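Values quoted throughout were computed directly from the atomic coordinates according to the rules given, and no laboratory measurement underlies them. Please read all numbers here as calculations on a predicted model, not as lab measurements. We place every Cβ from the backbone using ideal geometry, glycine too, and count neighbours over all the protein chains shown.
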Amino acid sequence: MGWTLLILLVVLTVVHGNPTVMVRTGSGPTVGFDQHPNSVPLGEDIQTTTEGESEVVEEVMTTGVLNPSHYPARRAATVVQHYLNTRYGSPYRWIFLSTVHSGSAEDVAEMGRKYQLELTMQEMISNVSGQCSAELFFPGGEGQSAPQVQASCEGLHQSNTTAQEEAFYQQHRASNNLVSGNNIPDSYGHMEPSMKPFWQLGGVASSFIMLRESNESTLYNMAQVANFTQLETEKDQLRFNYHVLLHEMISQEIIHWKLLVTWSPEQGVQVLQTELQPKCHHCEAPPNTTN
Amino acid sequence: MMMLGLGSVGLVLLSLAVQSGHGAQDSAVWSREETTERNYYTRYHNMSEITAWMEQMKRENPDVVSSMVYGQTYERRNITLLKIGLSSTVRKKAIWMDCGIHAREWIAPAFCQYFVREILRTYKTDTKVNEMMKNLDFYITPVLNVDGYIYSWHNESTRLWRKSRSPGTGGCTCYGTDLNRNFYANWGMVGVSTDCCSETYCGTKALSESEAWAVTDMLGKMREDILAFLTIHSYSQLILVPYGHPNISAPNYDELMEVGLGAAKAIKAVHGMDYTVGTSPDVLYANSGSSRDFARLIGIPLSFTFELRDKGEHGFELPEDQIQPTCEEAYAGAQHIITYTHDKAFYSYAATVTATLWTTLLAAWVSSAILL
């Protein structure tokens, strides 16, 4: 009896992984292909309306402690990133969100929503990281009002950019050799090293628009500098016309903006004018979608 | 007269010889470059290069690689997959991977190419890869949205195209439907637009797009055999699990999260990059009509979307010098999922029985030792 068992065991161990021995476990109830694939598993609840409009499920705003890896905290943290770039960005300082540590959100009676976040931000060129505490307020109501941000960071300004900025400023200050460029980065993600500071400056300038346009349902990044042209230096400020492409993640749209940008090491980046560009020149205006 | 005839025959023969010699030399140089130059997998490739590469993979590995055309795009181009696995007399289980459903996400087809090269490079020497090649077939579509991908290579102004290239209808003059909103999985419910000019336009109806139909058709035919479904996108560094609708949970959500988190851990071990794991409505946005959701709905238990590098610095225009590290980490993540899938299918039953019998034998020995 014992020998039989032993032999059986040996055989089984050797035959490990025989493809004909198969049990599909843990997959739970499946929807048969002949059933309507859109059928909802029994017991699930959906709040939907049956209109033909696009957004048929209401987005419920999370309140209280936020999960740092979920989208509400990350969208708000990206707004803080844009804010920090408007304050501290330059052709040699471009800040990106590294990690969301914690956050919370609450409704402010009939006025909007307030977020509190603990973040790590990273400066892209020097790789210096800093811890930041931030508070944001997204105004509610009808108007398209920009979010209000307050943030304090430790350690981010340690990157010493003064020498590079000064050199760059002096190099381009004289108006006898105005620079321009396009498609930065190009389709392959490449850019000439000399174009890199202009790319970074474009990113920082875009932050002004991205900050202004942000709400709890958007997530902006700059996709590309389509082109830029240096204009005559005025009042000691380098001046540029920029055409940037912004990527909005939730709608997946590419949005074109033209900006008038100035910069000097002392004054920082300023955006004097912004102009939204039409989506594409050969498209007609989209028809009214209320059917 | 005869001299003329001989001369002209000679000339014809000579020109033929030169031509074929020239051609042979060209293809020899080209294939030498393509196969041995490690730089090939660190660059982006247009559609005709990828098509030629698929032919080369078949040619160089005829016993393990074959191809299948399983559909047509709007512009009547072939949608082709590579079927990779050791041949077998019995029907085999399968792993599905598709790349490039969104045209501008160039890193995705680059990853599919890298993945194919990697399993072909290692299956003879790596016992685990060999075992998986023996027990499974890999069905890999390097570029699903062929029309869109070609369009994104057209010039700089088309680089950021996302959708298919079917024309708008009903007076709407824009082109393209978002293929990843066009599947028969809660179609049209959330995270879509009904405006044909929009990037998330879900189409006139589910499966209006021939590309989505091709995948649906294949998955339907292979439904019993597919163990895992991976669809590759960029950017955001995420691993997404079904479903895209915020109020519907996959029955094996816990398993999906566990495997996904394991994959993220494997990814981080390669180059330190963080990939966030969760349902789309939790970590990104709600959406419906995705291929991942459709795969899970028809019963494929392990269905994941990979969103590769980066997190917004370059976005879709990821520099070529990041192709290799991105592919290396994504490969580690995919292998984690595939290994789990394989081992679950081919080990769990036998392992349970074996463990039970060993325990029984041990108990029998112990009791007989005590009795003696």
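Here the scattering of the range B:221-372 is modelled by Debye summation over its C-alpha atoms, one equal scatterer each and no solvent; at q = 0.12, 0.13, 0.16, 0.20 Å⁻¹ the log10 of I(q)/I(0) is -0.58, -0.65, -0.88, -1.22. Quick one: in the range B:103-241, what % of C-alpha pairs are over 27 Å apart? Considering the range B:103-241, 30 percent of its Cα-Cα pairs are separated by more than 27 Å. For the range B:222-232, putting each phi into the Karplus relation 6.51 cos²θ - 1.76 cosθ + 1.60 with θ = phi - 60° gives couplings of 9, 3, 5, 9, 7, 8, 8, 10, 10, 10, 10 Hz, in residue order, rounded to whole numbers and with x for Gly and Pro. Across q = 0.13, 0.17 Å⁻¹, the range A:162-290 modelled as identical point scatterers on its alpha-carbon atoms has Debye log10 I(q)/I(0) values of -0.58, -0.92, in the order of the q list. With neighbour counts taken as other beta-carbon atoms within 10 Å, the residues A:Phe96, B:Phe306 rank, fewest first, as A:Phe96, B:Phe306. The range A:131-189 and the range B:193-208 have Cα centres separated by 36 Å.
Protection proxy ranking of B:316-327, A:181-192, by the mean of other Cβ atoms within 10 Å over each peptide's residues and highest first, is B:316-327, A:181-192. Estimated at 0.36 nm per residue, the fully extended path between B:Ala355 and B:Lys134 surpasses their Cα-Cα distance by 77.1 nm. Taking every residue in B:309-321 and counting other chain Cβ atoms within 10 Å of its Cβ, the average works out to 6. With 0.36 nm allotted per residue and the present C-alpha distance subtracted, the B:Arg121-B:Asp321 stretch has 69.8 nm of extension available. Ordered by the number of other Cβ atoms lying within 10 Å of each residue's own Cβ, fewest first, B:Phe111, A:Phe228 fall into the sequence A:Phe228, B:Phe111. Take each residue of peptide B:199-211, count the partner chain Cβ atoms within 10 Å of its Cβ, and average: the result is 1. Measuring spread by the Cα atoms of the range B:282-372 yields a radius of gyration and Dmax of 23.2, 76 Å.
Ranked by the mean number of other Cβ atoms within 10 Å of their residues, highest first, the peptides A:68-81, B:93-106, B:215-228 fall in the order B:93-106, A:68-81, B:215-228.
How much of the calculated P(r) for the range B:140-188 lies past 15 Å, in percent of all Cα pairs? In whole percent, the share of Cα-Cα pairs in the range B:140-188 beyond 15 Å is 54.
Relative to the 2.2 N^0.38 Å rule of thumb, the range B:88-131 has a C-alpha radius of gyration ratio of 1.46.
At an R0 of 45 angstrom, the distance between the Cβ atoms of A:Ala163 and A:Leu276 translates into a FRET efficiency of 0.75.
Here the translational diffusion coefficient of the range B:238-319 follows from Stokes-Einstein with Rh set to the Kirkwood radius across Cα pairs; for 4 °C and 1.567 mPa s it amounts to 98 µm²/s. The radius of gyration of the Cα set in the range A:98-173, together with its Dmax, comes out at 17.3, 52 angstrom. If the label point is 7 Å along Cα→Cβ of B:Ser66, which residues in the range B:198-237 have backbone nitrogen under 20 Å from it? The answer is B:215, B:217-227. Arranged from fewest to most other beta-carbon atoms within 10 Å of their beta carbon, B:Ser198, B:Ser166 become B:Ser166, B:Ser198.
Residues whose amide H lies under 5 Å from that of B:Tyr201, counting only those 5 or more places away or on a different chain, are B:Asp178, B:Ser193; hydrogens are built 1.01 Å from N in the peptide plane.
Radius of gyration over Kirkwood radius for the range A:81-222, both on Cα atoms: the Rg/Rh ratio is 1.03. Pairs of Cα atoms in chain B fall into 10 Å distance bins, from 0 up to the last occupied one, in shares of 5, 22, 30, 21, 10, 6, 4, 2, 1, 0, 0, 0 percent. Output the pairs from B:Lys92/B:Lys205; B:Lys58/B:Lys344; A:Lys196/B:Lys83; A:Lys258/B:Lys163 with a Cα-Cα distance over 32 Å in this structure; if there are none, say none. Check vs 32 Å cut-off fails for B:Lys92/B:Lys205; A:Lys196/B:Lys83.
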